[in-house]
Amino acid sequence: MYESPLVADDAGVNKRRSSQALAPARGDTLHGVVSPALLADLRRACGEDGVITGEAQRRTYESDGLLQYAVTPGVVVLPATAEEVRDVVRACHGAGVPFVARGSGTGLSGGALPVAEGVLIALSRLRRVLEVDLADQRVVVEPGVTNLDVSRAVAPTHFFPPDPSSQVVCSIGGNVAENSGGAHCFKYGFTTNYVTGLEVVLPDGEVVALGGEPDRPGYDLLGAFVGSEGTLGVATRITLRVIPVPAAVRTLLAFFEGTEAAGRVVSDIVGAGVTPSAIEMMDRLAIEATEDATQAGYRRDAGAALLVELDGPQAECDACLEKVTALCERHGAMEVRVARDEAERERVWRARKAAFAAMGRISPTYYVQDGVVPRTRLPEVLARIEELAGEYGLPVANVFHAGDGNLHPLVCFRGPEEAVRAEELAGLILEACVDAGGSITGEHGIGVDKKRHMPRLFGEPDLAAFQHLRCAFDPDGLANPGKVMPTPRLCGEVPGPYRQHPLEQQGIAERF
Ligand SMILES: Cc1cc2nc3c(=O)[nH]c(=O)nc-3n(C[C@H](O)[C@H](O)[C@H](O)COP(=O)(O)OP(=O)(O)OC[C@H]3O[C@@H](n4cnc5c(N)ncnc54)[C@H](O)[C@@H]3O)c2cc1C
């Protein structure tokens, strides 16, 4: 049984902002448990050029998109086929060494954060589109294929709706593991609504098929895997549903004095029975940053921009566009623009999709938070965020999937002292989301960053049930240990009222 990160939490994690954090080990020597025998097995599996041991190269993989956390992996492997992934996992299991799957490393919750004494399995070489079957509206891909390349593979007649803003680089394996969303998920649903089958290498190296068509009886193990953040195994082959491209698309951009009026429009659009494919919002600071970066023509004097996209049959689109325009005007929109052609639509979206990266114009460092609230509570939670930003003296920009109530406050900070306060502020934002009946993640997952917030949302019995499921897949705790679950608990422990783990009693592990 591999124990340390599951129970010792952030051991080996260098939180860049914290002076007290344990620094990751540096130096060319590999960590103790990556033994010469295991290294030989990994080289047999992936070939000499598929195993990275040099310190500088290993450090390339020390963080995902959440740069506040860094751990240098013991060794990195680059398998090129599903069989190589299987052999790597088998070798890890045989040696009792933990492993972490990594897609493109764009995750924003530290999900792909390596284990210092473990193996990082980078899946970027598995990027083949294996089958395109438009008659059955399905496509089969390897996990390293990017989100956008799935849509490209079925264009121009079909597309894959979940569209994270990172879609040019993020992998479909990462999307499955995070149950990723995107701007068009309001109408079309999240990744889980499109995954119909998976080939998975379980943590002991066994290869299994989950799901498949037609829908199979029995427990929904496919559903359990989607969103499991790499803790139940490694997906090596992914079958996805794709859908026909809609006949028409209309894109509207409205500007308001502030987010409150824009928030009311969002509720009214949905209340009027209109289902846009996307409803996105940006506040003043986000507009300023994206305009600096993209010059897409957003109004700098506006307090909020609302981007609404409608798709479907032409007549339906036109009718809905009229309704949405009227609602914007009724709530005092400063201006309503409708994209005249594809170039204009593309320009409007370019600004929205570049919003995270554009924040660099405002602050060199920022913390991306991800919470979700019932849509009708958006104005009150946005007001609370503004209040908190004032209290902490830190700028917070908001750019988010308003239709889903999925907030992405970007908390700006400079230097280590502000970093600590930024994290505190980001935590209070999550509390505000939970208090408003929402949740601690809309789409970025729990990873390492949010696990301490899990008890805000779940009681001990729920957490014990999660742990039972995890242990059914991974009794040895080797797959992405130290992620998602907040409390130090090992497989085989009796669930129920909390009892101190022996490692806690020894002061090695800590409970959050
Ligand atoms: C600029 C920017 C914009 C973003 N916008 C969005 C957005 O709009 N919506 C959204 O949902 N997310 C968004 N994200 C977050 C991120 O892109 C998604 O979470 C994405 O799905 C991560 O994919 P990845 O390939 O980078 O995965 P990684 O970061 O490499 O890994 C993420 C998790 O998946 C696991 N994993 C990866 N591959 C596999 C596999 N084959 N089998 C099992 N587990 C695996 C890892 O262990 C880890 O836990 C954004 C990120 C950035 C940087």
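The values are calculated or read from the model by the stated rules, or taken from the named source; none is laboratory data. No experiment lies behind these values; they were computed from the predicted model shown. Cβ: placed from backbone, ideal geometry, glycine included. Neighbour counts: every protein chain shown.
The table below gives the values:
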item	result
Top-ranked residue of segment 266-298 - restricted to ones that are more than 24 Å from ALA358 (Cβ to Cβ) and of a type in the set (A, V, I, L, M), ranked as farthest from the chain's Cα centre (by Cα)	ALA272
Identity of the residue in segment 140-158, part of a strand (DSSP E or B), touching a residue at least 60 places away in the same chain (Cβ under 8 Å) and within 16 Å of the ligand (Cβ to nearest atom), that ends up farthest from the chain's Cα centre (by Cα)	VAL140
Matching residues in segment 303-333 - criterion: being more than 32 Å from the chain's Cα centre (by Cα), surrounded by 16 or more Cβ atoms within 10 Å (Cβ to Cβ) and of a type in the set (A, V, I, L, M, F, W, C)	LEU327, ALA333
The listed residue being over 29 Å from GLU206 (Cβ atoms) and touching a helix residue (DSSP H, G or I) at 6+ places or on another chain (Cβ under 7 Å), out of VAL115, VAL139, VAL168	VAL168
Some residue of segment 213-233 being within 30 Å of LEU321 (Cβ to Cβ), of a type in the set (Asp, Glu) and touching a helix residue (DSSP H, G or I) at 6+ places or on another chain (Cβ under 7 Å)	no
Flag if LEU232 is more than 11 Å from the ligand (Cβ to nearest atom) and among the hydrophobic types (A, V, I, L, M, F, W, C)	no
Test result for ARG102, within 13 Å of the ligand (Cβ to nearest atom), of a type in the set (D, E, K, R), at pLDDT 95 or above and surrounded by fewer than 24 Cβ atoms within 10 Å (Cβ to Cβ)	no
ILE287 being under 19 Å from LEU410 (Cα atoms) and free of Cβ contacts under 8 Å to residues at least 24 places away in the same chain	yes
Of residues in segment 185-198 being surrounded by fewer than 23 Cβ atoms within 10 Å (Cβ to Cβ) and closer than 23 Å to GLY447 by Cα, the one nearest to the ligand (Cβ to nearest atom)	PHE190
Given (1) within 12 Å of the ligand (Cβ to nearest atom); (2) at pLDDT 95 or above; (3) among the small types (Gly, Ala, Ser), index of the condition GLY182 fails	(2)
Meets criteria (within 16 Å of the ligand (Cβ to nearest atom) and either over 28 Å from the mean Cα position of the chain (by Cα) or not hydroxyl-bearing (Ser, Thr, Tyr) (or both)) for ALA343	no
